[in-house]
There are 2 protein chains.
Amino acid sequence: MKVEKNSRVAFQGERGAFSEEAALMLLGGEIRLVPCTTLATAFRAVPAGDADYVLAPVENSLAGAVQWSLDLLAESELAICAEVILPIVHNLIAVPGARIEQIRSVESHPVGLAQCERFFHANPLIKRIAAEDTAGSVREIVSAGDPARAAIAGRRAAEIYGGEILREHLEDNPANFTRFFLLAAAPQAASAGTKLSLVFQLPHLPGALYTALEPFARREINLLKIESRPIQGRPWEYRFYLDLQASLGDLEVLEALKELEQHAVQLKILGCYDSVEITGTQTKTGAAGA
Amino acid sequence: MKVEKNSRVAFQGERGAFSEEAALMLLGGEIRLVPCTTLATAFRAVPAGDADYVLAPVENSLAGAVQWSLDLLAESELAICAEVILPIVHNLIAVPGARIEQIRSVESHPVGLAQCERFFHANPLIKRIAAEDTAGSVREIVSAGDPARAAIAGRRAAEIYGGEILREHLEDNPANFTRFFLLAAAPQAASAGTKLSLVFQLPHLPGALYTALEPFARREINLLKIESRPIQGRPWEYRFYLDLQASLGDLEVLEALKELEQHAVQLKILGCYDSVEITGTQTKTGAAGA
């Protein structure tokens with residue numbers, strides 16, 4: 001995707017996070033990265049004038065939806081400009097010169113730790129320590145300089161903080177991908193893509209969801225994903241998120257949306273965008289296996 | 001609900017966890033509690049003969065689905081015997097004698113911390129520290145004996161570990177409830193309740209989900225909740241979980257299930273059960289407000 005040179009892209013995490021990698025793979029190296037401590041801060045950076053875009057994870061193919069991103073997306077005034085799918089490669093990273101036999105503890109984001117169960121089963125004496133962030137845990141262990149501490153993170157984090165990769169491909173399941181959305185203030189977002197994302201609420205009636213899906217099913221518009229999220233303060237009531245293989249340039253799609261509007265409350269188009277799949281990891285060779 | 005005296009009930013967390021509270025409220029005081037470090041361990045305790053039941057959280061009315069419980073439920077041989085809905089009351093707990101002005105850091109499960117944002121906004125100098133467990137963080141701070149450290153957890157945790165409640169109702173949103181399932185080996189589970197839970201997969205075709213919901217919509221069987229979860233190793237394919245207001249004793253419901261079976265793959269009935277709502281918190285009076 002093309003964006004203006006020096007566009008500022010906010011993301012959650014420290015330098016070297018998977019979100020940063022996704023931003024650079026999608027937009028190239030001439031952007032300015034704006035790391036934020038929380039997803040909420042990243043989403044606020046655009047209306048506050050501190051960033052032009054947000055790059056936010058929305059789903060991992062093993063762990064499922066990133067629930068907070070969906071909540072923030074429904075409540076924000078941002079729209080989806082593009083989707084990028086990044087293969088997630090976990091590495092065991094330590095201080096330079098450390099040997100794998102010296103490692104006594106491994107730090108990472110809980111999802112990172114959970115995706116490397118095989119490694120921990122094979123090394124039962126190594127303690128796992130939950131951290132806020134994959135990249136941040138690399139910064140921590142490198143600055144501590146202790147050869148007994150390691151972290152699990154992407155290759156970029158090792159490069160940025162000067163850690164050494166002791167083992168590549170620590171992940172249990174190679175079918176590990178994360179979907180990210182590139183978001184911008186609504187008027188800037190394009191609407192000519194091949195994927196369409198919506199969010200809406202429904203009256204609490206038998207058949208309400210069935211009726212909401214009907215306009216798309218009748219036109220054979222492919223539903224790629226449905227996700228439900230609680231509505232704050234209204235226990236056991238939900239917002240529904242749909243991802244469809246559909247374009248806003250298609251008259252049939254516009255008709256289906258018009259029909260949905262008759263049943264749904266607070267229908268909001270989140271974006272119509274194209275998807276970019278990153279193939280080929282940045283790892284040099286397949287020296288893999290945990 | 002009635003269970004045999006001394007029934008062993010496994011749950012994730014330490015003594016004093018909200019799951020323990022839910023188990024005692026549902027089953028009374030004559031059960032034996034089996035605390036487990038992870039949800040996976042709790043689910044394995046029944047087939048391993050270490051417990052008769054599991055009490056597992058499945059949804060919080062603010063945070064949404066407990067995704068790992070759903071995954072474990074689909075893969076286990078356990079069935080739902082009952083549902084219990086517990087109001088979640090967060091308390092600020094410190095070592096006895098500590099004053100609120102002394103507190104410098106507050107520890108809890110990340111979801112617990114996130115549900116008490118107002119308190120942290122009002123007290124910007126207090127550091128928030130993520131812990132594995134709400135109850136475990138109370139045990140930690142009491143055993144450390146440091147009046148500058150506090151934890152956020154339920155009242156039971158304060159009672160069990162000898163902590164002092166400095167402030168009740170720290171939660172931002174009073175509409176904070178968690179749904180738990182009581183699970184047992186499938187043959188023991190009843191099937192005469194008023195709620196029905198299923199899980200299934202669908203072929204990747206336009207209208208597949210719509211077609212799957214049709215047998216229920218046509219019979220005006222109320223869909224209470226739909227949740228999708230990724231299938232491991234098959235990126236962007238999903239399992240669907242439905243909660244219906246329906247009984248297996250109802251012929252119409254059996255017919256709808258038979259129709260669903262023609263479209264769905266790996267359809268599994270998770271249980272047909274009654275729901276118990278715990279009203280009245282154990283807090284004595286409404287001395288609330290963060």
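Residues that are in contact (Cβ under 8 Å) with a residue 40 or more places away in the chain, closer than 16 Å to B:SER105 by Cβ, hydrophobic (A, V, I, L, M, F, W, C) and away from chain A (no Cβ under 14 Å) do occur in region B:166-177, at least one of them. In summary, B:LEU182 fulfils each of the numbered conditions (1) free of Cβ contacts under 8 Å to residues at least 60 places away in the same chain; (2) assigned to a strand (DSSP E or B); (3) of a type outside the set (Phe, Trp, Tyr) with the single exception of condition (1).
Of the numbered criteria (1) under 14 Å from B:SER19 (Cβ atoms); (2) in contact with a Gly (Cβ under 7 Å, 6 or more places away or on another chain); (3) among the β-branched types (Val, Ile, Thr), the one B:VAL89 fails is (1).
What are the residues in region B:4-47 that are in a loop (DSSP other than H, G, I, E, B), closer than 13 Å to B:LEU183 by Cβ and open to solvent by less than 30 Å² (accessible area, probe 1.4 Å), if any? If you could, list the steps in order and put the result at the bottom.
Of the residues in region B:4-47, the ones in a loop (DSSP other than H, G, I, E, B) are B:4-7, B:13-17, B:28-31, B:37-38, B:46-47.
Okay, now just the ones that are also closer than 13 Å to B:LEU183 by Cβ, so B:7, B:46-47.
Residues satisfying the conditions are B:SER7, B:VAL46.
Selection of first residues in region B:209-233 that are more than 7 Å from chain A (Cβ to nearest Cβ) and of second residues that are at pLDDT below 95 and part of a helix (DSSP H, G or I), restricted to Cβ pairs under 6 Å at least 6 apart or on distinct chains, gives the following pairs, ordered by first then second residue: B:THR211/B:HIS263; B:ALA212/B:HIS263. Taken across region B:195-206, residues that are more than 30 Å from B:VAL253 (Cα to Cα), out of contact with any Gly (no Cβ under 8 Å at 6 or more places or on another chain) and open to solvent by 20 Å² or more (accessible area, probe 1.4 Å) do not occur at all. Residues in region A:81-117 that are open to solvent by 20 Å² or more (accessible area, probe 1.4 Å) and over 17 Å from the mean Cα position of the chain (by Cα): A:PRO96, A:GLY97, A:ARG99, A:ILE100, A:GLU101, A:GLN102, A:ARG104, A:GLU117.
Hey, among B:ARG239, B:ARG229, B:ARG179, B:ARG218, which residue is surrounded by fewer than 19 Cβ atoms within 10 Å (Cβ to Cβ) and not polar (S, T, N, Q)? Let's see the steps before the verdict.
Values: B:ARG239 fails: surrounded by fewer than 19 Cβ atoms within 10 Å (Cβ to Cβ); B:ARG229 fails: surrounded by fewer than 19 Cβ atoms within 10 Å (Cβ to Cβ); B:ARG179 fails: surrounded by fewer than 19 Cβ atoms within 10 Å (Cβ to Cβ).
One residue alone meets the criteria, B:ARG218.
Could you list, in sequence order, all residues of region A:122-136 that are of a type in the set (Gly, Ala, Ser) and within 13 Å of chain B (Cβ to nearest Cβ)? Residues satisfying the conditions are A:ALA130, A:ALA131, A:GLY136. Looking only at region A:48-61, residues that are hydroxyl-bearing (Ser, Thr, Tyr) and part of a loop (DSSP other than H, G, I, E, B) come to 1 in all. Once region A:251-274 is narrowed to residues that are open to solvent by 70 Å² or more (accessible area, probe 1.4 Å) and charged (D, E, K, R), the residue that is nearest to the other protein chains (Cβ to nearest Cβ) is A:GLU252.
Looking only at region B:59-79, how many residues end up being within 30 Å of A:SER69 (Cβ to Cβ), among the aliphatic types (A, V, I, L, M) and away from chain A (no Cβ under 12 Å)? Spell out the reasoning first.
Of all residues in region B:59-79, those within 30 Å of A:SER69 (Cβ to Cβ) come to B:59-76.
If we keep only those that are among the aliphatic types (A, V, I, L, M) as well, we get B:62-63, B:65-66, B:70, B:72-74.
Filter again for away from chain A (no Cβ under 12 Å), leaving B:72-74.
Total satisfying the criteria: 3.
Every listed requirement among (1) aliphatic (A, V, I, L, M); (2) under 15 Å from the mean Cα position of the chain (by Cα); (3) open to solvent by less than 10 Å² (accessible area, probe 1.4 Å) is met by B:ALA51 save one, (2).
The values are calculated or read from the model by the stated rules, or taken from the named source; none is laboratory data. Model, not experiment: these values are computed from the prediction. All Cβ positions, even for glycine, are placed from backbone atoms using ideal geometry, and neighbour counts span all protein chains on display. Just so you know, the surface numbers come from the protein's heavy atoms only, side chains and all, with ligands and any DNA or RNA stripped out. Shrake-Rupley method; radii C 1.70, N 1.55, O 1.52, S 1.80 Å.
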